[in-house]
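Asker: Can you read through this structure? Questions will come right after.
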Amino acid sequence: MNNNNGKKIIIEGPSVLKGKVDVSGSKNAVLPILAATLITDERCTVRNVPDLGDISTMISMLEILGKKVNRENSCVVIEPFKDLKGEAPYDLVKKLRASILVMGALAGRKNKIRVALPGGCAIGTRPIDLHLKGLRKMGAEISVSGGFVNLRSRGLAGATIYLDYPSVGATENLVMAACHAKGRSIIENTAREPEVMQLVDFLKEMGVRIEVSGNTLTVYESGKLKPVDFTVMDDRIQAGTYLVAGGINGSQVEIGFKDSWSLEAVIEKMIECGADIRTDTGGIYIKGPDALKSTEVRTSPYPGFPTDLQAPFISLLATASGVSVITEEIFESRYLHCAELMRMGAEIEIKGHSAIVTGVRGLSGAPVTAQDLRGGASLILAGLAAEGRTEVSGVYHIERGYENIVENLRNLGANIWEE
Ligand code: EPZ
């Protein structure tokens, strides 16, 4: 996609936010759930689907693979339409890495499939070796050539698979493949992100027998599946981004997000920085401190601090008193936003996997460029904190994961608009 499609998000800072914001459905739960509809020929109704480019791309993928998809606002109905195809084309996979999630569902249903390799992106090479290792354990013969994964099998067989790393995508792909694998599959050291558990809940609603015990998932070969009507949880990372925004300039924000349990690590860190936070079944209420305190953050798989909120958090720490150390343990190059933040006056030194952030009295607005989704969000937050005009380009990155972020922040009192 064209990075400089001209649109810019402009922020005249500093802004003090006040009011309530709601978030849309979880992008990273909906994407695997849409892929999982390939497992069944029954009707699937998925509700609380956000209006994001990534979702539209996944819907196009389902249509190419033989599904009929009707979308009405945030409700998506998926039904069988033509015979299931076995090829996921490169032009869609390169737009949406998560398209690789169709591989597991297809592998369980077709003896021959061809899925384009996703390739890397700004935050890392994004390998899929763990996905392929698990599918081989289930009996798939896999070759990689010409940028495609070619998978053959005479039907998958249940297996015991140990994931060397609790990969979100590998867990999701292997759970979906196991639904049609003969017998029983035990997947160990799985990811436990809430979005992964949403996929598990969706499959259970569909009639798949799955047992969850800590980070081990046991999946049984499914018999007759049934139509499913599932409402997806709200987006944890969007909610976390607004939570971080609520810590800036002594803002006071209510986030209408009922699953605050899924953001415990972030809430704890915000409290360490001096924020006053309370939660109830309706949402999260934050009052930012007059002066932010520095802290240490280390990203890790759930329930640790989510890597997707590392970039927004650095924007908050840029004006915290003292020196903060953020260590990104998940992706190999997820600091592209730091160079942009330094253009706004932030003092950041990258040392190996860590970013050493020396708090400054204030940031100043500047033209900056989003290089990836969460890095783009961090530049907007920095623009809220900064004195003067910030112009964020590379807006399409941001729109992939945040529904109505400009309108939401404007409704909270920010002086922000799109040009
Ligand atoms: C999912 O990506 C999310 N995407 C990411 O969100 C999120 O950052 C990530 O999980 C971690 O929580 C979706 O859910 C669509 P991983 P995924 O497999 O599945 C290595 C966002 O901003 N790895 O857990 O790709 C990999 O290189 C996006 O919404 C292997 O080495 O994450 C990475 O270093 C960004 N081999 C680490 O594991 C493999 O086979 C985490 O990857 C697979 C992964």
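Computed from the coordinates by the stated procedures, all read-outs in this text should not be read as laboratory data. Not measured: the values here are computed from a predicted model. Cβ atoms come from the backbone with ideal geometry, glycine included; neighbour counts cover every protein chain shown.
Asker: Which ones in segment 155-174 are among the small types (Gly, Ala, Ser), within 10 Å of the ligand (Cβ to nearest atom) and not in a helix (DSSP H, G or I)?
Answerer: Passing the criteria: only SER167.
Asker: Mind listing whichever residues of segment 175-233 are of a type in the set (D, E, K, R), closer than 15 Å to VAL30 by Cα, surrounded by fewer than 21 Cβ atoms within 10 Å (Cβ to Cβ) and within 16 Å of the ligand (Cβ to nearest atom)?
Answerer: Listed by number, the list holds a single entry, ASP201.
Asker: When residues of segment 73-108 are filtered for being within 26 Å of the chain's Cα centre (by Cα), more than 16 Å from the ligand (Cβ to nearest atom) and within 11 Å of MET61 (Cα to Cα), how many remain?
Answerer: Within segment 73-108, residues that are within 26 Å of the chain's Cα centre (by Cα), more than 16 Å from the ligand (Cβ to nearest atom) and within 11 Å of MET61 (Cα to Cα) number 4.
Asker: Please count how many residues of segment 109-129 are among the charged types (D, E, K, R) and away from the ligand (no atom under 12 Å from the Cβ).
Answerer: In the first step, residues of segment 109-129 are kept if they are among the charged types (D, E, K, R); the result is 109-110, 112, 114, 126, 129.
With the extra rule that they be away from the ligand (no atom under 12 Å from the Cβ), the set shrinks to 109-110, 112, 114.
The total comes to 4.
Asker: Please indicate, with yes or no, whether at least one residue in segment 134-152 is over 19 Å from the mean Cα position of the chain (by Cα) and within 21 Å of ILE33 (Cα to Cα). Outline the logic, then answer.
Answerer: Taking segment 134-152 first, the residues over 19 Å from the mean Cα position of the chain (by Cα) are 134-152.
Pick out the ones that are also within 21 Å of ILE33 (Cα to Cα) and you get 134-135.
Yes, there is a match, as at least one residue in segment 134-152 is over 19 Å from the mean Cα position of the chain (by Cα) and within 21 Å of ILE33 (Cα to Cα).
Asker: Can you find a residue that is over 29 Å from LYS20 (Cα atoms) and over 23 Å from the mean Cα position of the chain (by Cα) anywhere in segment 227-238?
Answerer: Yes, there is a match, as at least one residue in segment 227-238 is over 29 Å from LYS20 (Cα atoms) and over 23 Å from the mean Cα position of the chain (by Cα).
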